[in-house]
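Read through the structure below, which is laid out as structure tokens, and then see the notes.
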Amino acid sequence: MIFRRREWNVSPKKLFKTTLILVAVIFSFSPVHFLMIRSADGSVRVSYSLQGTEEFAVRYIHSVQKTPVIEVFRVDFREGLELRETVYTDFGAGLPFLLEGSAVFESGGGKFRIYGIKKYLSDVVFRVGRFADYNLLFRGREIPFTQFEKPGKPLRFSGEKHPFLFAFFY
């Protein structure tokens, strides 16, 4: 047997420690996916680690119709951010009404919903609204954009992949 040879004689304790260190090193450098939110100068305002195909949404008050709009996104690390669906309560200027590709329109319960949009964007820039009341909806929480930046300033949302070790620095 190979482990019986004199030059390969390794104690079980050393083998366990070596295996543990090797697993820790591999785990530290394995990729983790993040939703990154950056300010105009590129500094990271906040980052959230993502699990699988986890979605997030942005809710705001439409500037013309003065009604709430929700846009649902998912991070696709080959294509960037994917706009998956839009939900709104009123038709009007600047609100979607034409379907592209495999998108589906449905209405009910006083809401209009377009889903299956599959529009890919490298990143999305939102300007923190003075009146639009922008909020990030993520993991059951509602987080106002004003928590990240002053009104009138832009925030850039993007999906990024970094080693697990970097998760402690964001």
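List of remarks:
- Just so you know, in region 100-119 the residues that are in contact (Cβ under 8 Å) with a residue 24 or more places away in the chain and surrounded by fewer than 15 Cβ atoms within 10 Å (Cβ to Cβ) include one that is farthest from the chain's Cα centre (by Cα), and it is K111.
- When residues in region 42-66 are screened for being among the polar types (S, T, N, Q), in contact (Cβ under 8 Å) with a residue 24 or more places away in the chain and in a loop (DSSP other than H, G, I, E, B), 2 of them pass.
- Residue, nearest to R74 (Cα to Cα), within region 16-56, restricted to residues that are small (G, A, S) and over 9 Å from the mean Cα position of the chain (by Cα): G52
Matching residues to (1) open to solvent by 50 Å² or more (accessible area, probe 1.4 Å); (2) touching a strand residue (DSSP E or B) at 6+ places or on another chain (Cβ under 9 Å):
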residue: L15; (1), (2): yes, no
residue: F29; (1), (2): yes, yes
residue: I37; (1), (2): no, yes
residue: G42; (1), (2): no, yes
residue: D76; (1), (2): no, yes
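- Taken over region 22-41, the residue count meeting the criterion of being within 30 Å of R130 (Cα to Cα) and either of a type in the set (A, V, I, L, M) or without any contact (Cβ under 8 Å) to a residue 24 or more places away in the chain (or both) is 5.
- Scan of region 121-130 for residues that are out of contact with any Lys or Arg (no Cβ under 9 Å at 6 or more places or on another chain) and touching a residue at least 40 places away in the same chain (Cβ under 8 Å), ordered by number: L121, S122, G129
- Any chance L137 is hydrophobic (A, V, I, L, M, F, W, C), surrounded by fewer than 17 Cβ atoms within 10 Å (Cβ to Cβ) and more than 19 Å from F34 (Cα to Cα): no
- Residue list for region 131-146, restricted to those being out of contact with any Phe, Trp or Tyr (no Cβ under 9 Å at 6 or more places or on another chain) and either in contact (Cβ under 8 Å) with a residue 60 or more places away in the chain or among the aromatic types (F, W, Y) (or both): F131, E142
- With respect to the conditions (1) surrounded by 12 or more Cβ atoms within 10 Å (Cβ to Cβ); (2) modelled with pLDDT of 90 or more, E142 falls short on a single one, namely (1).
The values are calculated or read from the model by the stated rules, or taken from the named source; none is laboratory data. In this text the structure is predicted, and so the values were computed from the model without any measurement. Note: ideal-geometry Cβ built from the backbone for every residue, glycine included; neighbour counts use all protein chains shown. Side chains included, ligands, DNA and RNA excluded: accessible areas come from the protein's heavy atoms. Shrake-Rupley method; radii C 1.70, N 1.55, O 1.52, S 1.80 Å.
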